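Down below is the structure, laid out as structure tokens.
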Amino acid sequence: MTDNWSLDSILTDIGQFGNYQIKNYMLLSIPMTFNAIFSLTYIFTAGSVKYRCNITECDSLTTQYHEPWINFTIPADSQCSKYPSYDLNSCTSQNFDSEASEKCSDFKIADKEYTISQEFNIFCKDEWKLSFVGTINNIGQFIGIPIGGYISDKYGRRIALAFGGVFSAIMGIIRSFSVSYEMFLVFEFLDAATSSTLYASVFILGIELVGPKKRVIACCFLTIFYAVGEILLGIAAMYITNWRVLLRVLYIPALIHIFYTCVLEESVRWLLSQQKNEEAASTLEKAARMNKKPLNRNVIDKLIKSNDDKLNCNAEEKFPITKALRKFSWRIINCSLCWFTNVLVYYGLSLNSVLLSGDKYINFILISAVEIPGFFLPVLIMDRYGRRYSLFACMLVSGITIAVTIFLDESRTILNLIFFLVGKFSITSSFQILYFYTAEIFPTNVRHTLLSFCSMFGRFGSMIAPMTPYLAKYFPSAPSILFSSCAVISGILSLTIPETTETILPSTIDEAENLTNKSEDTYTANDERIEVA
């Protein structure tokens, strides 16, 4: 049983989710929304467009993508070649030689959207450059995530969040003025590198902000705003068809992050882990006032003394990363594999949704909307069945439903979409559980760093994901086979991670190392059992 001056007990006394937490969660919902936009904008700015050769002899400003004369001017299986003609002024079948072909230099676009494909003349054999934008985005995240984790654990969650949001907004605005493909790539990379810390910063602030009984439901609610961001992105892309305008509309409002160093509260847990005791005390007193709950200063003093004694007794540095890497090597490897799989499948399904039959914007919005119930499923199953079994089950269901789509005929549009949606729903729940799980198995003073470390390896999955739509052009079932097999294998291996249900959120390396002793780590506060998420 923990003493009544533990931080979880104090949060229980002053209100686990009162006005103070609501205010900060409202603030945190904004960067969560923008993080989704920053992560996936390239789907539309660097999206491939449907095109065919421009036939000089037949096309004019008023002709459409589909014209009856296409049958005798363009080979049926080619976007990039046409039949040579004898007379540039004649649009008759006799004028074209169907026994030969020549490469096109000009193209007619089917859609109204204007992406970097037209801007920088990326067609035919160069089309891989469009998929490569997504890979560059994820390389940026791969590099930025561990840097953001280090900044968060070393200098504070609030600093990492505010500066990540501001610099990402600046990079996105500059990218909208790109004059070359290379310039676009550079600022795509810098945008991803700077924004990559947002999700983890928001999530960790979320779980460290509320009382133990409200941690799961509060954070599940918070992550809904990631899906909201995706839906807003899909709607914006549907109506803003010029990639430059789209970037400016989405990124200029994100400059609001500059105010977060003033309006957002720092994590009390982080302040205590850094022995910034007066700031921690001031934050707790402010929380009590806003929640209209009494808080005795003596209780805070006992919390601070207990925390200092614990840190001194464990002889830990304020940032013991080397020791943590040595102690938790298998845990880190296993979590990294889970992250790789979840990121690959999660983003892979979003990216491939635009290839499904039907309106690509509607498909993207539906794939995003199904994440909302997916974020809430963990509330129902995590505490009841445990983190391990919940993670395993969600990954297994996702893998199986994706595998089913391999055997479905493409003409069965609705059925394909249903299984696609169930797969996305399941992997979204799995991703949500994984965030909780990773945050719970590592101690406070290296929590964000190790979460970011595992997430960094997940970026290998998101580097591969943008290439899968391109791969599908050569072997349509390849993405589904990849997603399904990874989900099933990683789900099985996840069963070897220590269970954390009903355990205290660890503050030190020793506490994190002893997580397997679950029965010894459960506790009560105010004569009421607290289930720690």
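Within the range 359-403, being closer than 17 Å to residue 338 by Cα, open to solvent by less than 40 Å² (accessible area, probe 1.4 Å), of a type outside the set (A, V, I, L, M) and assigned to a helix (DSSP H, G or I) holds for 378, 387, 390, 394, 398, 399. For residue 408, the requirement of being more than 18 Å from the chain's Cα centre (by Cα), part of a loop (DSSP other than H, G, I, E, B) and more than 28 Å from residue 142 (Cβ to Cβ) is met. Evaluating residue 462 against the criteria (1) open to solvent by 20 Å² or more (accessible area, probe 1.4 Å); (2) touching a helix residue (DSSP H, G or I) at 6+ places or on another chain (Cβ under 9 Å) leaves one unmet condition, (1). Of a type in the set (A, V, I, L, M) and either more than 20 Å from residue 156 (Cα to Cα) or open to solvent by 50 Å² or more (accessible area, probe 1.4 Å) (or both), is that true of residue 288? Yes; evaluated as a whole, the condition is true for this residue.
Just to be sure before I move on: is residue 406 β-branched (Val, Ile, Thr), surrounded by fewer than 16 Cβ atoms within 10 Å (Cβ to Cβ) and either over 30 Å from residue 500 (Cα atoms) or at pLDDT 85 or above (or both) in the structure I sent? Yes, satisfied. For the range 6-18, the set of residues classified as more than 14 Å from residue 294 (Cα to Cα) and in a helix (DSSP H, G or I) consists of 7, 8, listed by residue number.
Results for (1) surrounded by fewer than 23 Cβ atoms within 10 Å (Cβ to Cβ); (2) in contact with a helix residue (DSSP H, G or I) (Cβ under 9 Å, 6 or more places away or on another chain), shown as yes or no for each residue.
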{"site": "164", "(1), (2)": "no, yes"}
{"site": "167", "(1), (2)": "yes, yes"}
{"site": "170", "(1), (2)": "yes, yes"}
{"site": "180", "(1), (2)": "yes, no"}
{"site": "206", "(1), (2)": "no, yes"}
{"site": "211", "(1), (2)": "no, yes"}
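Total residues in the range 84-109 satisfying the condition of being open to solvent by less than 40 Å² (accessible area, probe 1.4 Å) and within 24 Å of residue 48 (Cβ to Cβ): the figure is 3. Would it be correct to say that residue 331 is open to solvent by less than 40 Å² (accessible area, probe 1.4 Å), in a helix (DSSP H, G or I) and modelled with pLDDT under 90? Yes. Considered as a group, the residues in the range 82-129 that are within 30 Å of residue 41 (Cα to Cα) and among the small types (Gly, Ala, Ser) include one that is modelled with the highest pLDDT, and that residue is 117.
Just so you know, in the range 16-57 the residues that are surrounded by 20 or more Cβ atoms within 10 Å (Cβ to Cβ) and more than 23 Å from the chain's Cα centre (by Cα) include one that is farthest from residue 125 (Cα to Cα), and it is 20.
Consider the range 225-278 and keep the residues that are open to solvent by 10 Å² or more (accessible area, probe 1.4 Å) and among the aromatic types (Phe, Trp, Tyr). The one that is farthest from residue 152 (Cα to Cα) is 239. Kindly indicate whether residue 435 is closer than 13 Å to residue 342 by Cβ and either open to solvent by less than 30 Å² (accessible area, probe 1.4 Å) or not in a helix (DSSP H, G or I) (or both). Spelling it out, residue 435 is indeed closer than 13 Å to residue 342 by Cβ and either open to solvent by less than 30 Å² (accessible area, probe 1.4 Å) or not in a helix (DSSP H, G or I) (or both).
The values are calculated or read from the model by the stated rules, or taken from the named source; none is laboratory data. Bear in mind the structure is a predicted one, so any value in this text is a computation, not a measurement. With ideal geometry, Cβ positions are generated from the backbone for all residues, glycine too; neighbour counts draw on all protein chains shown. Quick note on the areas: whole protein, heavy atoms, side chains included, nothing else; ligands and nucleic acids left out. Shrake-Rupley method; radii C 1.70, N 1.55, O 1.52, S 1.80 Å.
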